[in-house]
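Enquirer: One structure follows; several queries about it will come next.
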Amino acid sequence: ELLFAARMLSALGLTVVLPVAISIAADLCPPEKRGRSLLLLSMGKVFGLALAFALGGAVFGMLSARTEPLFGMAAWRATQLIFAAGSALLVLPLLLLREPARQEVAKAGAGFKASMQALWERRGLLAPLLIGQITVIMADASASIWATPVLMRTYGLAPAEFGGWMGLVLLGSGLVGTIVGGLAADAGLKRAGGRGLLMTAVIASAIGVPASFFAVMPGVTGFAILLTALLLAGTATGLITGTAIAVLI
């Protein structure tokens with residue numbers, strides 16, 4: 001129950017921070033360059049996920065090899081505690097950031113009711129976009145979460161054995177997906193406006209469908225290739241839909 005609560009708080013924090021960061025980044029860039037601006041923003045998430053697997057696997061391996069448990073805890077508990085403490089320290093510099101002056105404002109000081117009314121007026125765009133984005137995020141997150149237990153239970157690997165290359169998979173798919181998504185979003189917008197922008201998201205999400213068979217591949221190599229393709233497509237789709245919201249809303 002405690003692990004579940006910690007996971008929920010972590011997901012909640014990311015869910016709250018990401019829309020704010022996208023809003024600020026979009027406000028500082030013209031519409032035709034917002035895909036590339038969100039590209040840079042997404043790099044932080046990409047490097048963070050990659051380092052989580054690489055460093056997490058390494059730390060867990062070192063703690064497991066100790067004859068005396070660190071803090072008297074099991075290796076997995078101590079690993080969680082170390083990264084939780086590091087995360088808490090890294091949050092503190094955010095208190096020093098100042099709110100930038102907003103440039104693109106439809107109505108200054110609009111209240112909650114006016115904001116909800118504006119969103120309701122755009123429900124024809126937002127409803128299918130939200131459903132599609134949630135579906136892709138569910139597939140992407142599920143793959144990231146279940147990759148570790150599948151590698152351990154099905155392929156018989158220990159965290160120290162796959163932590164390094166899983167970090168590379170996450171880093172490579174994230175970097176390529178972010179770059180492709182940012183450039184494709186700007187190209188689609190330039191070519192066919194909002195329709196072209198959204199079509200790039202549809203194409204990117206379709207690429208990830210056959211890659212979802214990664215967990216039933218006969219070998220680890222096939223597992224890694226398809227998982228990379230799935231995460232790449234998911235990263236590109238998420239960035240493109242974020243750009244669509246920043247441009248069209």
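The values are calculated or read from the model by the stated rules, or taken from the named source; none is laboratory data. Note that the structure is a prediction, hence the values are computed from the model and not measured. Using ideal geometry, Cβ is built from the backbone for each residue, glycine included, and neighbour counts are taken over all protein chains shown. Ligands, DNA and RNA are excluded from the accessible area calculation, which covers all protein heavy atoms including side chains. Shrake-Rupley method; radii C 1.70, N 1.55, O 1.52, S 1.80 Å.
Enquirer: For residues that are surrounded by fewer than 24 Cβ atoms within 10 Å (Cβ to Cβ) and touching a helix residue (DSSP H, G or I) at 6+ places or on another chain (Cβ under 6 Å), tally how many sit in the range 200-211.
Expert: So the first thing to find is which residues in the range 200-211 are surrounded by fewer than 24 Cβ atoms within 10 Å (Cβ to Cβ), and the list is 202-203, 205-211.
Pick out the ones that are also touching a helix residue (DSSP H, G or I) at 6+ places or on another chain (Cβ under 6 Å) and you get 205, 207-208, 211.
Matching residues across the range 200-211 total 4.
Enquirer: Another question about this same structure. Which of the residues that make up the range 99-115 are assigned to a helix (DSSP H, G or I) and either at pLDDT below 75 or surrounded by 10 or more Cβ atoms within 10 Å (Cβ to Cβ) (or both)? Full working, then the answer.
Expert: Residues of the range 99-115 assigned to a helix (DSSP H, G or I): 112-115.
Result: ALA114, SER115.
Enquirer: In the range 189-199, what residues are of a type in the set (A, V, I, L, M) and exposed (fewer than 15 other Cβ atoms within 10 Å of the Cβ)? Show your work before the answer.
Expert: In the first step, residues of the range 189-199 are kept if they are of a type in the set (A, V, I, L, M); the result is 189, 192, 197-199.
Residue satisfying the conditions is ALA192 alone.
Enquirer: Kindly indicate whether GLY193 is within 22 Å of SER23 (Cβ to Cβ) and without any contact (Cβ under 8 Å) to a residue 24 or more places away in the chain.
Expert: Details: within 22 Å of SER23 (Cβ to Cβ): yes; without any contact (Cβ under 8 Å) to a residue 24 or more places away in the chain: yes.
The answer is yes for GLY193.
Enquirer: Quick one: ALA158 ticks every box in (1) within 27 Å of LEU38 (Cα to Cα); (2) surrounded by fewer than 18 Cβ atoms within 10 Å (Cβ to Cβ) except a single one, so which number is it?
Expert: Looking at each condition in turn, ALA158 falls short on (1).
Enquirer: Would you tally the residues in the range 26-58 being hydrophobic (A, V, I, L, M, F, W, C), farther than 30 Å from THR148 by Cα and open to solvent by 20 Å² or more (accessible area, probe 1.4 Å)?
Expert: Of the range 26-58, the ones hydrophobic (A, V, I, L, M, F, W, C) are 26, 28-29, 38-41, 43, 46-47, 49-55, 58.
Checking the rest, the ones that are also farther than 30 Å from THR148 by Cα come to 26, 28-29.
With the extra rule that they be open to solvent by 20 Å² or more (accessible area, probe 1.4 Å), the set shrinks to 28-29.
Matching residues across the range 26-58 total 2.
Enquirer: A further question on this structure: If you go through the range 125-151, how many residues are aromatic (Phe, Trp, Tyr) and either open to solvent by less than 50 Å² (accessible area, probe 1.4 Å) or closer than 14 Å to SER205 by Cα (or both)? Break it down into steps so the answer makes sense when it comes.
Expert: First, the residues of the range 125-151 that are aromatic (Phe, Trp, Tyr): 146.
Those still in the list that are either open to solvent by less than 50 Å² (accessible area, probe 1.4 Å) or closer than 14 Å to SER205 by Cα (or both) too: none.
Looking only at that region, the number is 0.
Enquirer: Now, a different point. Only residues in the range 161-177 that are farther than 24 Å from ALA204 by Cβ and part of a helix (DSSP H, G or I) count as the first member; pair them with residues that are open to solvent by 30 Å² or more (accessible area, probe 1.4 Å) and at pLDDT below 80, Cβ under 7 angstrom, at least 6 apart or cross-chain, and list the lot.
Expert: If the second residue must be open to solvent by 30 Å² or more (accessible area, probe 1.4 Å) and at pLDDT below 80, the pairs left are GLY163/PHE53; GLY163/ALA54; GLY164/ALA54.
Enquirer: Of all the helices (runs of 4 or more DSSP H) wholly in the range 1-98, which have at least 1 residues that are modelled with pLDDT under 85 and among the acidic types (Asp, Glu)? Outline the logic, then answer.
Expert: Values: elements: 2-27, 34-65, 75-91.
Per the criteria, 2-27.
Enquirer: Does the range 204-211 contain at least one residue that is over 23 Å from SER144 (Cβ atoms) and either under 19 Å from the mean Cα position of the chain (by Cα) or assigned to a helix (DSSP H, G or I) (or both)? Working first, answer last.
Expert: From the range 204-211, those over 23 Å from SER144 (Cβ atoms) are none; that's our starting set.
No.
Enquirer: Same structure, new question: Tell me which of these GLY234 doesn't satisfy, since it passes every other one: (1) touching a Leu at 6+ places or on another chain (Cβ under 8 Å); (2) modelled with pLDDT under 90; (3) open to solvent by less than 60 Å² (accessible area, probe 1.4 Å).
Expert: Going through the list (1) touching a Leu at 6+ places or on another chain (Cβ under 8 Å); (2) modelled with pLDDT under 90; (3) open to solvent by less than 60 Å² (accessible area, probe 1.4 Å), GLY234 breaks only (1).
Enquirer: Could you grab me the full set of residues in the range 140-160 that are modelled with pLDDT of 85 or more, of a type in the set (A, V, I, L, M) and assigned to a helix (DSSP H, G or I)?
Expert: ALA143, ALA147, VAL150, LEU151, MET152
Enquirer: I'd like to know if the range 66-75 contains one or more residues that are within 24 Å of LEU168 (Cα to Cα), touching a residue at least 60 places away in the same chain (Cβ under 8 Å) and open to solvent by less than 30 Å² (accessible area, probe 1.4 Å). Quick ask: steps written out before the conclusion?
Expert: Initially, the range 66-75 is screened for residues within 24 Å of LEU168 (Cα to Cα), giving 75.
Right, trim to touching a residue at least 60 places away in the same chain (Cβ under 8 Å) and you get none.
No.
Enquirer: Among the listed residues LEU129, LEU119, which satisfies the condition of being under 21 Å from the mean Cα position of the chain (by Cα) and modelled with pLDDT under 85? I'd like the intermediate steps shown before the answer.
Expert: Values: LEU119 fails: under 21 Å from the mean Cα position of the chain (by Cα).
Answer to the check: LEU129.
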